[in-house]
Amino acid sequence: MQSVPAPGASNAPSTPPSGPPSAPSPPNAPSASDPAKAPSRATASPGPFGRLGVWSATHTKGVFLLWIVLVALLGAFAPKVQSALSGAGWQADGSQSVAVRQIAQEHFGGNASSALQIVVHADRPVGDPAVRKVIAQAESIVRADPRVADVVPPQPGATLSGDGRTAVVLAGAKADPNEMVRAADDLKGPLAALSGHGVTVQATGASVLWSDFNTANHDAMMHSEILSWPVTLVILVLAFGSLVAAGLPLLLTMAGLAASAGSLVLLTHLTPVSIWAMNFAMMFALALGIDYALFMVMRFRAARRERSRDTVAAVAETMDTAGKAVALSGATVLVSLSAVMLVPSPAFRSMAGGIMLAVAFVLAATLTLLPAVLARLGHRVDAVALPWARKAEPRSPRFASWGERLWRRPVAYGAAALVVLLALAAPVIGLRTAMPSINVLPKDASARAGYTTVQQAFGPGAPGTLQIAVPSGAAGQAADVVRHAPGIAAAMPAQAAADHSGWTMIQAVPKVDPSDPALSTTVHALRADLPRGSLVGGAAVENLDLQALLTARTPLVIGVVLGLGFLLLLVALQAPLVAALGTAASLLSTGAAFGVARLVFQDGHGAGLLGFGSQGFLDGWAPVFFFAMIFAIAMDYTVFLLASAKEHYERTRSPKEAMVGAMAHSGRVVFAAAAVMVAVFLTFAVSGPLPPKEMGIVLGTAVLLDAALVRLVLLPVLLRLTGHAAWWSPAWLRRILPAVRFSHG
């Protein structure tokens with residue numbers, strides 16, 4: 001009755017069976033529980049991954065000891081991860097704005113974009129003795145911090161409002177931007193405590209903004225992860241059908257997270273690492289740990305039940321098939337994320353590096369620790385099984401039936417899936433991006449409250465004051481250009497550096513809010529008209545420069561991700577057409593996800609339901625970073641499905657067996673893994689701040705569409721329509737590619 005051969009069996013006369021037929025072992029066979037005493041009955045010689053699995057299965061104590069020592073050593077540093085990682089780094093290295101910040105810090109008493117601004121607002125003139133006392137206390141607090149350079153009291157005509165009720169104290173930056181964010185963490189509380197009796201004290205500025213931003217997003221992400229755990233556990237139990245098996249992904253995740261967290265702390269001694277690196281690493285470690293464990297455990301069960309394998313032989317077969325696919329998947333994820341390194345921004349590079357560390361540790365645990373655990377568990381991997389799971393077969397009848405249906409009517413199902421994906425992707429044509437505005441912060445955040453107070457007292461452009469560094473010899477000409485620039489509301493007198501460095505600083509207040517697109521026009525005009533050697537910077541301009549960098553590098557990152565992804569699939573599958581189809585299919589779910597992102601976050605559809613106000617654009621960091629993440633996840637599923645299809649094709653040389661067999665054996669894994677990821681990601685959609693919502697909606701939508709329409713409909717249909725051609729490879733290509741097979745035996 002088995003029309004589609006399972007892995008390890010074949011109906012093709014040209015392919016010899018890899019082992020003699022035998023009756024299935026009873027689930028509680030005693031020999032399977034002790035790998036050291038159970039001789040292998042496999043007749044096939046295992047490949048490199050199989051040999052790694054055999055080594056892990058026969059050296060379980062050594063493997064366990066190795067991982068215990070590794071996790072203990074690196075995990076000892078993990079508790080320091082929150083305090084060690086940096087809060088800044090969102091900048092375009094090599095840009096004018098970064099150069100201006102460095103000049104201001106070195107030659108102008110730290111009055112750079114990373115300086116702290118203490119806003120004092122009173123219901124009476126700030127000359128009142130009680131208000132003057134509060135201002136003096138604020139100055140004393142910031143002056144006592146070693147990370148603060150010059151402290152500048154309120155200056156009439158500059159940092160003292162026209163009505164005399166708002167004053168700004170400037171606390172210069174003596175440390176790098178990351179340390180200034182930590183200074184903001186420490187100082188904003190004591191400064192806010194000075195408020196009372198009609199006087200409010202609020203810290204604001206770029207460093208305080210990033211402090212509030214990181215705190216709000218970290219709290220929201222932790223809240224979302226807490227919400228996602230119960231849902232994740234339920235799905236895991238349903239997917240594995242056993243409480244013991246369901247715990248294996250958590251084992252991989254905990255080992256990977258502890259090791260990667262400690263590694264990130266050690267990495268900070270070489271280079272600053274963004275706090276977001278750990279947040280994303282935690283999310284990816286959980287997602288991939290579940291994916292890899294699902295694929296490996298289900299294949300291990302199949303090897304034991306279908307082939308009557310003893311434990312060591314089952315581990316060898318699992319590693320030669322699923323283990324090889326997991327290794328390829330992990331390599332694809334690492335390659336996709338490595339392309340983000342092409343963006344010369346510390347935050348982006350450290351976030352990508354953090355995720356790559358977590359993936360590397362989870363991958364290493366999957367290929368060494370998991371085989372050892374499976375060898376020790378043996379038949380006990382099915383312990384505490386759900387009633388229906390005891391009778392479940394590795395080959396899913398439901399997904400086999402779905403594969404047969406797709407085989408009979410490929411055009412109808414494929415066209416329907418394609419229409420839906422293209423319709424959802426169409427809005428991406430009008431997608432706009434920009435760096436986040438102050439509105440992404442909660443209304444009671446110190447940076448946002450101080451920002452609003454400054455705007456009300458000094459004008460809409462005051463929070464985005466431009467800093468223009470010019471050679472002293474051209475200061476007069478530069479000041480004249482700034483005064484007559486149409487986008488400038490006011491300009492401060494030119495200030496020469498006290499250390500005679502040859503630099504002069506001009507500060508100018510634009511007419512528009514820092515998030516207004518018109519500010520970019522003003523900055524471009526100034527850079528074009530100012531004397532040679534002049535540099536335009538400031539906190540708002542740093543955002544503009546980063547946005548310009550991201551826009552310029554996005555095509556390069558996308559091209560590199562697609563190219564490297566295709567090459568990896570080509571090496572693994574040995575067939576150019578199926579590698580191209582797998583790569584191209586990933587673009588459809590990615591495009592559809594960004595199309596939905598435009599409708600939700602740019603156009604505001606569903607904003608009320610999700611509890612946010614539309615900024616009129618998608619945050620500028622999303623396209624580059626989310627594309628790499630989505631493509632990595634999509635290729636994860638692609639590898640699982642196509643590796644299974646190739647395994648069946650190698651055994652049978654039948655396109656139908658390849659497509660239907662892959663659906664029967666891998667469809668359930670893809671479906672279950674996607675369900676967990678969607679549940680995890682969509683919990684972020686209910687978080688408070690906007691960036692986690694964007695991440696939850698974009699990634700959740702991408703995974704849902706990729707699993708439901710691309711991997712379980714469109715890709716199988718493409719295999720059906722291309723037939724033998726999907727697996728064809730020219731002779732010259734076969735000669736240069738390494739021999740890679742997914743069948744065992």
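The values are calculated or read from the model by the stated rules, or taken from the named source; none is laboratory data. In this text, all values refer to a predicted model and were calculated from it rather than measured experimentally. Note that each Cβ is placed from the backbone with ideal geometry, even for glycine, and that neighbours are counted across all protein chains shown. Only protein heavy atoms, including side chains, enter the accessible area calculation; ligands, DNA and RNA are left aside. Shrake-Rupley method; radii C 1.70, N 1.55, O 1.52, S 1.80 Å.
Does the stretch 495-508 contain any residue that is under 40 Å from the mean Cα position of the chain (by Cα), among the hydroxyl-bearing types (Ser, Thr, Tyr) and either open to solvent by less than 40 Å² (accessible area, probe 1.4 Å) or modelled with pLDDT under 95 (or both)?
To start, the set of residues in the stretch 495-508 that are under 40 Å from the mean Cα position of the chain (by Cα) comprises 505-508.
When the remaining residues are screened for being among the hydroxyl-bearing types (Ser, Thr, Tyr), the result is none.
No, the stretch 495-508 contains no residue that is under 40 Å from the mean Cα position of the chain (by Cα), among the hydroxyl-bearing types (Ser, Thr, Tyr) and either open to solvent by less than 40 Å² (accessible area, probe 1.4 Å) or modelled with pLDDT under 95 (or both).
What pairs come out if I take residues in the stretch 638-653 that are on the phi < 0 side of the Ramachandran plot and pair them with residues that are open to solvent by less than 10 Å² (accessible area, probe 1.4 Å) and among the acidic types (Asp, Glu) whose C-beta lies under 9 Å away, six or more apart or interchain?
Thr638/Asp706; Phe640/Asp291
The rows are residues; the columns are (1) over 18 Å from Val234 (Cα atoms); (2) surrounded by fewer than 23 Cβ atoms within 10 Å (Cβ to Cβ).
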{"site": "Pro249", "(1), (2)": "no, no"}
{"site": "Ala258", "(1), (2)": "yes, yes"}
{"site": "Ile275", "(1), (2)": "yes, no"}
{"site": "Met296", "(1), (2)": "yes, no"}
{"site": "Arg299", "(1), (2)": "yes, no"}
{"site": "Val315", "(1), (2)": "yes, no"}
{"site": "Met319", "(1), (2)": "yes, no"}
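Has the stretch 315-332 got any residue that is at pLDDT below 85 and under 21 Å from Pro46 (Cα atoms)?
So the first thing to find is which residues in the stretch 315-332 are at pLDDT below 85, and the list is none.
No, that holds for no residue.
Can you confirm whether Gly256 is small (Gly, Ala, Ser) and under 16 Å from Val297 (Cβ atoms)?
Against the criterion (small (Gly, Ala, Ser) and under 16 Å from Val297 (Cβ atoms)), Gly256 does not qualify.
I'd like to know if the stretch 692-704 contains one or more residues that are open to solvent by 10 Å² or more (accessible area, probe 1.4 Å) and closer than 19 Å to Leu577 by Cα.
no
Within the stretch 185-230, which residues are of a type in the set (Val, Ile, Thr) and closer than 14 Å to Ala449 by Cβ?
Listed by number, the residues that qualify are Val199, Thr200, Val201, Thr204, Val208.
Have a look at Asp310, Asp320, Asp291 and point out the one that is of a type in the set (D, E, K, R) and within 18 Å of Leu569 (Cβ to Cβ).
Being of a type in the set (D, E, K, R) and within 18 Å of Leu569 (Cβ to Cβ) holds for just one of Asp310, Asp320, Asp291, which is Asp291.
What are the pairs, 6+ residues apart or on separate chains, where a residue within the stretch 137-156 that is of a type in the set (Lys, Arg) has its Cβ under 9 Å from a residue that is surrounded by fewer than 16 Cβ atoms within 10 Å (Cβ to Cβ)?
Arg147/Asp186
Are there any helices (runs of 4 or more DSSP H) wholly within the stretch 567-666 with 1 or more residues that are of a type outside the set (A, V, I, L, M, F, W, C) and open to solvent by less than 30 Å² (accessible area, probe 1.4 Å), and if so which?
576-597, 622-652
Which one is farthest from Val698 (Cα to Cα) among residues in the stretch 413-432 that are in contact with a Phe, Trp or Tyr (Cβ under 8 Å, 6 or more places away or on another chain) and open to solvent by 50 Å² or more (accessible area, probe 1.4 Å)?
Of everything passing the filter in the stretch 413-432, Arg432 is farthest from Val698 (Cα to Cα).
Hey, any hits in the stretch 722-730 for a residue that's touching a residue at least 24 places away in the same chain (Cβ under 8 Å), closer than 30 Å to Lys443 by Cα and surrounded by 15 or more Cβ atoms within 10 Å (Cβ to Cβ)?
no
Only one residue in Leu550, Leu519, Leu530, Leu526 is without any contact (Cβ under 8 Å) to a residue 60 or more places away in the chain and either within 19 Å of Leu160 (Cα to Cα) or in contact with a helix residue (DSSP H, G or I) (Cβ under 8 Å, 6 or more places away or on another chain) (or both), so which one is that?
Leu519
If you scan the stretch 512-542, which residues turn out to be closer than 29 Å to Val181 by Cβ and more than 34 Å from the chain's Cα centre (by Cα)?
Leu526, Arg527, Ser534
Output the number of the condition that Ile290 fails; it satisfies all remaining conditions of (1) touching a strand residue (DSSP E or B) at 6+ places or on another chain (Cβ under 9 Å); (2) touching a residue at least 60 places away in the same chain (Cβ under 8 Å).
Looking at each condition in turn, Ile290 falls short on (1).
Suppose we keep only residues that are in contact (Cβ under 8 Å) with a residue 60 or more places away in the chain and closer than 24 Å to Asp636 by Cα within the stretch 339-350. Which one would you say is surrounded by the fewest Cβ atoms within 10 Å (Cβ to Cβ)?
Here the answer is Leu342.
Can you tell me which condition Val686 does not meet? The list is (1) at pLDDT below 90; (2) open to solvent by 10 Å² or more (accessible area, probe 1.4 Å); (3) in a helix (DSSP H, G or I), and all the others hold.
Of everything listed in (1) at pLDDT below 90; (2) open to solvent by 10 Å² or more (accessible area, probe 1.4 Å); (3) in a helix (DSSP H, G or I), Val686 misses just condition (3).
Residues of the stretch 351-381 being surrounded by fewer than 24 Cβ atoms within 10 Å (Cβ to Cβ) and of a type in the set (Gly, Ala, Ser), which ones?
Of everything in the stretch 351-381, those that are surrounded by fewer than 24 Cβ atoms within 10 Å (Cβ to Cβ) and of a type in the set (Gly, Ala, Ser) turn out to be Gly353, Ala360, Ala364.
Taking the stated definitions as given, is Thr683 over 30 Å from Ala607 (Cβ atoms), among the polar types (S, T, N, Q) and touching a helix residue (DSSP H, G or I) at 6+ places or on another chain (Cβ under 9 Å)?
It is false that Thr683 is over 30 Å from Ala607 (Cβ atoms), among the polar types (S, T, N, Q) and touching a helix residue (DSSP H, G or I) at 6+ places or on another chain (Cβ under 9 Å).
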